[in-house]
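Read-outs throughout are calculated quantities, based only on the coordinates presented, and are distinct from any laboratory measurement. Everything quoted here is computed from the prediction, not taken from an experiment. Methodologically, a virtual Cβ is constructed for each residue, glycine included, from the backbone with ideal geometry; neighbour enumeration extends over all protein chains shown.
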Ligand SMILES: NC(=O)c1ccc[n+]([C@@H]2O[C@H](COP(=O)([O-])OP(=O)(O)OC[C@H]3O[C@@H](n4cnc5c(N)ncnc54)[C@H](O)[C@@H]3O)[C@@H](O)[C@H]2O)c1
């Protein structure tokens with residue numbers, strides 16, 4: 001199967017990054033979100049990231065224009081009739097994702113593969129909402145998508161080898177490296193990362209250390225590129241909270257139960273960089 005056009009659902013932090021890398025690799029891209037302002041924000045982010053690449057002479061101004069011309073925004077999934085591969089990147093909520101996949105299943109052509117960028121939800125829960133569970137797969141990109149090469153691929157028990165092979169070729173074509181995880185809640189990445197992030201919040205909450213000292217300790221002591229509180233702000237406090245709850249509800253391991261401080265930050269709208277305030281403030 002030849003992939004010509006890619007559909008992206010959700011134009012937030014991840015959706016706009018995935019749209020950008022697909023367009024940079026020559027695919028026509030249709031990106032959908034629920035409100036024009038969300039689409040505009042995502043497309044403005046792509047513009048800013050590409051402008052920086054032009055400044056750094058990684059691409060020319062003409063290439064930037066050509067990449068952007070390949071990306072079209074829409075407010076309806078009805079425009080996904082002619083896409084060959086879909087990556088869903090809406091909020092980390094099973095009901096919302098199932099609803100999106102049901103709609104995609106109706107609108108898309110029979111050959112179209114439906115991938116989810118979920119970071120924690122077992123893919124079978126999403127696949128089972130469609131009449132094509134054999135063509136549903138998890139493609140967990142890393143943030144920021146244009147910079148991070150690795151994608152964690154998750155095969156549900158229903159996913160066929162053909163779907164995995166097409167996904168491998170697709171990821172190679174956008175210059176990503178594929179690693180494979182079993183379809184357990186949280187997969188490999190968030191089974192490992194989530195307890196680390198939650199423990200950092202627990203240390204702040206208990207007053208064991210300041211957020212600045214924790215971040216300095218982890219960057220300078222362990223050589224991580226950023227500290228856990230800075231990373232939480234980058235990922236989105238709401239996204240980590242929802243993901244941790246998903247894992248906790250499935251396996252009831254208390255290390256995945258988000259601390260109260262995180263819950264309160266989610267309610268307050270302190271979701272990190274994307275809302276201008278999280279553990280730190282952003283202009
Ligand atoms: N942020 C990260 O670092 C990261 C990394 C890997 C995977 N993920 C996963 O990617 C997905 C998206 O995360 P994000 O960080 O981009 O979130 P985000 O909050 O930045 O963006 C989500 C977008 O989805 C849109 N949306 C919500 N419901 C929708 C619907 N029904 N139809 C279309 N659009 C809808 C929202 O308007 C928003 O623009 C989540 O499943 C998340 O777990 C996130």
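Results, tabulated for the structure shown:
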| item | result |
| --- | --- |
| Cα radius of gyration and Dmax for the chain (Å) | 18.7, 55 |
| Whether segment 59-188 is rounded, prolate or oblate, judged on the alpha carbon gyration tensor where a/c under 1.5 counts as rounded | oblate |
| Helix axis angle, 161-173 relative to the chain longest principal axis, alpha carbon, degrees | 80 degrees |
| Residue exposure sequence - 242, 52 - by fewest surrounding Cβ within 10 Å | 52, 242 |
| The chain - mean residue ellipticity at 222 nm from DSSP helices (-39,500 (n - 2.57) per run, n ≥ 4, rounded to 500) | -14000 deg cm²/dmol |
| Protection proxy ranking, peptides 123-133, 267-277, average beta carbon neighbours within 10 Å, highest first | 123-133, 267-277 |
| Order by protection proxy (mean Cβ within 10 Å, highest first), peptides 62-75, 86-99, 38-51, 16-29 | 16-29, 86-99, 38-51, 62-75 |
| P(r) of segment 190-275 over all Cα-Cα pairs, binned every 10 Å from zero, in whole percent | 18, 53, 27, 2 |
| Ranked 160, 230, criterion: other C-beta atoms within 10 Å, fewest first | 160, 230 |
| Extension gain from residue 99 to residue 63, taking 0.36 nm per residue of separation minus the Cα-Cα distance | 9.3 nm |
| Residue 4 versus residue 281: modelled label distance in nm, points set 7 Å from Cα along the beta carbon direction | 5.2 nm |
| Share, in percent, of DSSP beta bridges within the chain that are antiparallel, nearest 5 | 20 percent |
| The chain - percent relative contact order, Cα under 8 Å, separation 6 or more | 14 percent |
| Quotient of C-alpha Rg and 2.2 N^0.38 Å, computed over segment 1-67 | 1.11 |
| Estimated distance in nm for a label pair at residue 111 and residue 128, the labels positioned 7 Å out from Cα along Cα-to-Cβ | 3.1 nm |
| Cβ-based exposure ranking for 253, 238, in which fewest neighbours within 10 Å come first | 253, 238 |
